[in-house]
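The values are calculated or read from the model by the stated rules, or taken from the named source; none is laboratory data. Bear in mind the structure is a predicted one, so any value in this text is a computation, not a measurement. No Cβ is skipped: glycine too gets one built from the backbone with ideal geometry, and neighbour counts run over all protein chains shown. Heads up: the accessible areas ignore ligands, DNA and RNA and are worked out on the full protein's heavy atoms, side chains in. Shrake-Rupley method; radii C 1.70, N 1.55, O 1.52, S 1.80 Å.
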Amino acid sequence: MNTNNPPPKSIQMNDLLKAWVVLVALTLLGYGLSLFSSELLVYVGPLIIAALILFKARIILTRYLGLTRCPAWLSMLSSMIFALTMICAVLLTFVSAGGTQ
């Protein structure tokens, strides 16, 4: 018996559907967060949005692009996305905080 058989398409579609539902939920969470206005969200909001971006990027890299088979690429792309997202979040936090003073 060959153990290298790919999983049936229905299993792959179920995984993609679950990933899509999680991506939509994270998007709605980010949108819902943008509707609130508070002093705390000025400082923490960009970091929360950055975390949502990182979760979504990781889901896309692993589920849709299948980079679980290439751990080096997954690690490199995840690290680059993390670094860029954190730089943007920190800059946005400083810009937002500067506008409220």
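Among (1) farther than 25 Å from GLN12 by Cα; (2) under 14 Å from the mean Cα position of the chain (by Cα), which single condition is ILE87 missing?
For ILE87, the failing item is (2).
Of (1) open to solvent by less than 80 Å² (accessible area, probe 1.4 Å); (2) modelled with pLDDT under 90, LYS9 satisfies all except one. Which?
All conditions are met except number (1).
Tally time: how many residues in the range 79-101 are exposed (fewer than 12 other Cβ atoms within 10 Å of the Cβ) and within 27 Å of LEU16 (Cα to Cα)?
Residues flagged as exposed (fewer than 12 other Cβ atoms within 10 Å of the Cβ) and within 27 Å of LEU16 (Cα to Cα) within the range 79-101 amount to 3.
How about the range 28-78: which of its residues are open to solvent by less than 60 Å² (accessible area, probe 1.4 Å) and hydroxyl-bearing (Ser, Thr, Tyr)?
SER38, THR62, SER78
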